[in-house]
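Novice: Mind having a look at this structure? Questions to follow.
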Amino acid sequence: MKKSFICLMIATSMAFAITGCKKDETKPAESSQESKEEVEAESPKEENKQLDDEYYFESDYYTDIFYTVDADGNKMNTYDRSVIKKILKDNGCDEDATIEAIHDGKMYLRQYATDDNGNSTYEFIALDLSTEKADVFFEMESSYWSNYSDFYDGKLYIAGINNDDEKFKEFCFVPSDDGTMTEDKDSETEIDGYAVDTNDSGRGDCIAREIDMFGYVELSSYDYENKRFATMDAEGNITELDVLNSNASYVMAYNDKVIIYDIDDGDDYKSTSYVYNIETGEAKQFGDAESVIVVGVTDDKVYYATTIETDQYNVTTKKITEYDAVADTYSEMYESEFAPGASYVDNVIFRAGKPYVMKLEGADVKWYRVDGVDKLTDIDILSDTIQAYEYGTIIYGTSNFVCPYCGTPLYSCYAEAFVLDGKYSPVADQINAKLKEHMDGEVSYEPVSVAEAAETDCEDHKEYPDTYHETDTYNVSGVNIINDRYLIVDFNGYWYGGGAHGMPSMYEYIFDLQTGEELTFADFYKGTEEEFKTLVAEKVRQDYLENSTDGDNGGYFAATDQDAYDTAYEYASINSGNVAFQDDKVLVYFYPYDLGSYADGFKFYEFSYQELFGTATMVR
């Protein structure tokens, strides 16, 4: 495709010298979502497949395995993130660099960096799996933040947005056989006053790809108070979308027939979705719900997801619907099943022109391609294996307390209980009864706000329903049997009672599989309270010293290592319950705000069994 440009670009190409990575010690911490999306790889299985489009397909965030699918939506290659981490580290790069694109046995990644003036910026890395080389080939100007990357038609496109100057720029690089990345300025685009909106098609699509697919790319302005929308064609002509400029909040997706957009209702972050028909110029409400989540688009189809609520708190399913932009019709493709202990199985992604959904089978969570109404195709990609379903199953209970005068929900709770299979213990029924008792205790709790509700509160209840709705969730997060003797059941919880955020929790139940006795850390630890507090505080001190630098306390509130020691000593206790047993170690942890900020999360400290108990493993 011959492209014209919004800004005059010098028609030259410049080869970038390949340099080793320079790991930035002062880079900002990468977000959890970015960390979760890091991927690593083995050598490619079939060389000819690497020449096709390769679409990132994540596995479980906590495993080393990463997958891609080809243009037909079939499993293509399997990667190991530990291999990629090693290659990055060996070449002086950040081992947690974010993968941006994969093509022809090479990965392109992004890492945080600091430029010569001390400004935070991004560096882009080319990693060759066959040679195990990783080199920085591009440093983005610090005035830009990285928007997307896309490998298309033999070229790598990298988009940046400069909000201050209201500029958008899409850089372009061409890889060569020797690993050199050459900047192709003829294929770069710079736009003033608008930014390219990422189409909800499952990946950050470059301008060339969007124009080849749909004939235009959709743009939006930087003024969020008076948002403007426009289209840009292959010749660089920009046409404003007057029908959207009058009321649209943002564009969710588009193709050559329709544009899907949201209008903010201005009430409790609610919005309504609309579909604009490009040929007729008509707009009407989109979908069968007030607001939908578009997961992907093709030439004539739009796929979206809606969450289906039930009368039980936190028990939801997700429905996938296909909208035919030509016939203006809707077809329900698939509705997920609720799975206790694996609520994320309602995740939906879009790759290679198809939606994909998760499904729990036994203990395995697998990805399936949606090929038609209730037609799922197994693509042999495992997302996760849930330990609880290897040893038994999970049940749940819910509660919902409302204001007796106006019916506004005041407290809702969702709690799970693990049910042990009888083959693992002769006293399984006794253990299961105790675990259910714990669950029942959570869902039967009635907070003071319910008991003290008065009719005079109803005006506020109705005006601010989310503020007055307190919620609790308790999920089984892990199950393990250690030494064929001890059952470990881990839980994650989250409480919300208004404000910017709630409060997470963690706890663990321990049972003797022979006697059915419920145990605690104190049943295993034979030292004194003083000895335990000193042991933990010293471990915290060492972590503080290892992670703090001048002006950076390593995620601690403490100004000195002695302050960190003193705070840890105060909070640590044999009876605190802040301990998690694992096969080869024990974790002692502190809650957010104990030693650091909420954003720093839980802080974990590893101890060997020898350190705590003087034994090689878990024994009483």
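The values are calculated or read from the model by the stated rules, or taken from the named source; none is laboratory data. All values derive from a computational prediction rather than experimental measurement. Cβ placement follows ideal geometry from the backbone for every residue including glycine, while neighbour counts extend to all protein chains displayed. To get the accessible areas, we keep the full protein, side chains included, count just its heavy atoms, and leave off ligands, DNA and RNA. Shrake-Rupley method; radii C 1.70, N 1.55, O 1.52, S 1.80 Å.
Novice: Quick one: count up the residues across segment 225-249 that are of a type outside the set (D, E) and under 23 Å from T189 (Cα atoms). Lay out the reasoning, then the answer.
Specialist: The first filter runs over segment 225-249 and keeps only residues of a type outside the set (D, E), leaving 226-232, 234, 236-239, 241, 243-249.
Going one step further and asking which of them are under 23 Å from T189 (Cα atoms), we end up with 227-232, 234, 236-239, 241.
Counting residues in segment 225-249 that are of a type outside the set (D, E) and under 23 Å from T189 (Cα atoms) gives 12.
Novice: Of all residues in segment 281-332, how many are at positive phi and polar (S, T, N, Q)?
Specialist: 1
Novice: Identify, please: which residue in segment 304-350 is assigned to a loop (DSSP other than H, G, I, E, B) and among the acidic types (D, E) and is, among those, surrounded by the fewest Cβ atoms within 10 Å (Cβ to Cβ)? It would help to see each step written out before you state the result.
Specialist: Here is the first cut: in segment 304-350, the residues assigned to a loop (DSSP other than H, G, I, E, B) are 310-315, 325-328, 336-342, 347.
Within this subset, residues satisfying the condition of being among the acidic types (D, E) are 311, 328, 337.
Values: D311: 7, D328: 13, E337: 10.
Restricting to residues being assigned to a loop (DSSP other than H, G, I, E, B) and among the acidic types (D, E), the top hit is D311.
Every residue, every condition in (1) in a strand (DSSP E or B); (2) open to solvent by less than 10 Å² (accessible area, probe 1.4 Å); (3) outside the structural domain of F338 (by the TED database); (4) of a type outside the set (S, T, N, Q), yes or no:
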residue	(1), (2), (3), (4)
I481	yes, no, yes, yes
V489	yes, yes, yes, yes
N492	yes, no, yes, no
W495	yes, no, yes, yes
A500	no, no, yes, yes
P504	yes, no, yes, yes
I510	yes, yes, yes, yes
T515	no, no, yes, no
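Novice: Of everything in segment 456-479 that's among the aromatic types (F, W, Y) and touching a Cys at 6+ places or on another chain (Cβ under 9 Å), which residue is most open to solvent (accessible area, probe 1.4 Å)?
Specialist: Filtering segment 456-479 down to residues among the aromatic types (F, W, Y) leaves 464, 468, 474.
From what's left, touching a Cys at 6+ places or on another chain (Cβ under 9 Å): 468, 474.
Working: Y468: 89, Y474: 33 Å².
Here the residue is Y468.
Novice: Check whether at least one residue in segment 157-179 is in contact with a Cys (Cβ under 6 Å, 6 or more places away or on another chain) and in contact (Cβ under 8 Å) with a residue 40 or more places away in the chain, and report yes or no. It would help to see each step written out before you state the result.
Specialist: First, pick out the residues of segment 157-179 that are in contact with a Cys (Cβ under 6 Å, 6 or more places away or on another chain): 157.
Narrowing the set further to residues that are in contact (Cβ under 8 Å) with a residue 40 or more places away in the chain leaves 157.
Scanning segment 157-179, I find at least one residue that is in contact with a Cys (Cβ under 6 Å, 6 or more places away or on another chain) and in contact (Cβ under 8 Å) with a residue 40 or more places away in the chain, so the answer is yes.
Novice: For the subset of segment 316-330 comprising residues that are among the β-branched types (V, I, T) and touching an Asp or Glu at 6+ places or on another chain (Cβ under 7 Å), which member is farthest from V357 (Cα to Cα)? It would help to see each step written out before you state the result.
Specialist: Our first condition is that a residue be among the β-branched types (V, I, T); within segment 316-330, this holds for 316-317, 320-321, 326, 329.
Among the residues that remain, those that are also touching an Asp or Glu at 6+ places or on another chain (Cβ under 7 Å) are: 316-317, 321, 326.
Values: T316: 15, T317: 12, T321: 12, V326: 25 Å.
Looking at residues that are among the β-branched types (V, I, T) and touching an Asp or Glu at 6+ places or on another chain (Cβ under 7 Å), I get V326.
Novice: Another question about this same structure. Out of (1) at pLDDT 90 or above; (2) closer than 30 Å to A599 by Cα, what's the single condition that is false for K75?
Specialist: (2)
Novice: Would you be able to say whether some residue in segment 557-577 is within 18 Å of N492 (Cα to Cα) and not assigned by the TED database to the domain that holds D512?
Specialist: As a first pass, look at segment 557-577 and keep what is within 18 Å of N492 (Cα to Cα): 576-577.
From the residues that got through so far, the ones that are not assigned by the TED database to the domain that holds D512 too are 576-577.
For segment 557-577, residues within 18 Å of N492 (Cα to Cα) and not assigned by the TED database to the domain that holds D512: present.
Novice: Now, a different point. Based on what the data block shows, is G551 within 31 Å of the chain's Cα centre (by Cα) and open to solvent by 70 Å² or more (accessible area, probe 1.4 Å)?
Specialist: Details: within 31 Å of the chain's Cα centre (by Cα): yes; open to solvent by 70 Å² or more (accessible area, probe 1.4 Å): yes.
Yes, satisfied.
Novice: I've got another one for you. Which condition does A580 not pass, out of (1) open to solvent by less than 20 Å² (accessible area, probe 1.4 Å); (2) touching a residue at least 60 places away in the same chain (Cβ under 8 Å); (3) more than 26 Å from the chain's Cα centre (by Cα), if it passes all the others?
Specialist: (3)
Novice: Going residue by residue through segment 376-384, is there one that turns out to be part of a strand (DSSP E or B) and touching a helix residue (DSSP H, G or I) at 6+ places or on another chain (Cβ under 7 Å)? Break it down stepwise before answering.
Specialist: To start, the set of residues in segment 376-384 that are part of a strand (DSSP E or B) comprises 376-384.
Those left that are additionally touching a helix residue (DSSP H, G or I) at 6+ places or on another chain (Cβ under 7 Å): none.
There is no residue in segment 376-384 that is part of a strand (DSSP E or B) and touching a helix residue (DSSP H, G or I) at 6+ places or on another chain (Cβ under 7 Å).
Novice: Being open to solvent by less than 30 Å² (accessible area, probe 1.4 Å) and of a type in the set (A, V, I, L, M, F, W, C) is the filter; apply it to segment 82-97 and report the residue that is nearest to K155 (Cα to Cα).
Specialist: Per the stated criteria, the residue is A97.
Novice: Name the one entry in A208, A283, A234, A230 that is closer than 27 Å to Y55 by Cβ, crowded, with 16+ Cβ neighbours inside 10 Å, in contact with a strand residue (DSSP E or B) (Cβ under 7 Å, 6 or more places away or on another chain) and in contact (Cβ under 8 Å) with a residue 24 or more places away in the chain.
Specialist: Details: A283 fails: closer than 27 Å to Y55 by Cβ; A234 fails: in contact with a strand residue (DSSP E or B) (Cβ under 7 Å, 6 or more places away or on another chain); A230 fails: closer than 27 Å to Y55 by Cβ.
None of the other options fit; the residue is A208.
Novice: Counting only residues that are open to solvent by less than 30 Å² (accessible area, probe 1.4 Å), touching an Asp or Glu at 6+ places or on another chain (Cβ under 8 Å) and at pLDDT 95 or above, how many does segment 432-455 have?
Specialist: Counting residues in segment 432-455 that are open to solvent by less than 30 Å² (accessible area, probe 1.4 Å), touching an Asp or Glu at 6+ places or on another chain (Cβ under 8 Å) and at pLDDT 95 or above gives 1.
Novice: If Y598 meets every condition in (1) open to solvent by 70 Å² or more (accessible area, probe 1.4 Å); (2) in contact with a His (Cβ under 7 Å, 6 or more places away or on another chain) apart from one, which number is that one?
Specialist: Only one criterion in (1) open to solvent by 70 Å² or more (accessible area, probe 1.4 Å); (2) in contact with a His (Cβ under 7 Å, 6 or more places away or on another chain) is unmet by Y598, namely (1).
Novice: Here's another thing I want to ask about it. Just one of (1) in contact (Cβ under 8 Å) with a residue 40 or more places away in the chain; (2) assigned to a loop (DSSP other than H, G, I, E, B); (3) open to solvent by 10 Å² or more (accessible area, probe 1.4 Å) trips up E100, so point out which.
Specialist: Checking E100 against (1) in contact (Cβ under 8 Å) with a residue 40 or more places away in the chain; (2) assigned to a loop (DSSP other than H, G, I, E, B); (3) open to solvent by 10 Å² or more (accessible area, probe 1.4 Å), the one that fails is (2).
Novice: Identify all residues within segment 386-404 that are open to solvent by less than 50 Å² (accessible area, probe 1.4 Å) and within 25 Å of the chain's Cα centre (by Cα); write none if there are none.
Specialist: Matches in segment 386-404: I386, A388, Y389, I394.
Novice: Given the options E190, E170, E183, name the one that is under 27 Å from the mean Cα position of the chain (by Cα) and within 17 Å of F138 (Cβ to Cβ).
Specialist: On the way: E190 fails: under 27 Å from the mean Cα position of the chain (by Cα); E183 fails: under 27 Å from the mean Cα position of the chain (by Cα).
The unique qualifying residue is E170.
Novice: Is there a residue being closer than 27 Å to L587 by Cβ, free of Cβ contacts under 8 Å to residues at least 24 places away in the same chain, under 35 Å from the mean Cα position of the chain (by Cα) and assigned to a helix (DSSP H, G or I) anywhere in segment 439-452?
Specialist: Filtering segment 439-452 down to residues closer than 27 Å to L587 by Cβ leaves 439, 441-442.
In the following step, the residues that additionally are free of Cβ contacts under 8 Å to residues at least 24 places away in the same chain were identified as 441.
Then drop every residue that is not under 35 Å from the mean Cα position of the chain (by Cα), which leaves 441.
Subsequent filtering for residues that are assigned to a helix (DSSP H, G or I) retains 441.
Yes: one or more hits.
Novice: Give me the pairs, please: first residue somewhere in segment 603-620 and modelled with pLDDT under 95, second residue anywhere and of a type in the set (D, E) and not in a loop (DSSP other than H, G, I, E, B), beta-carbon distance under 9 Å, and either six or more positions apart or on two chains.
Specialist: Cβ pairs passing all conditions: R620/D512; R620/D523.
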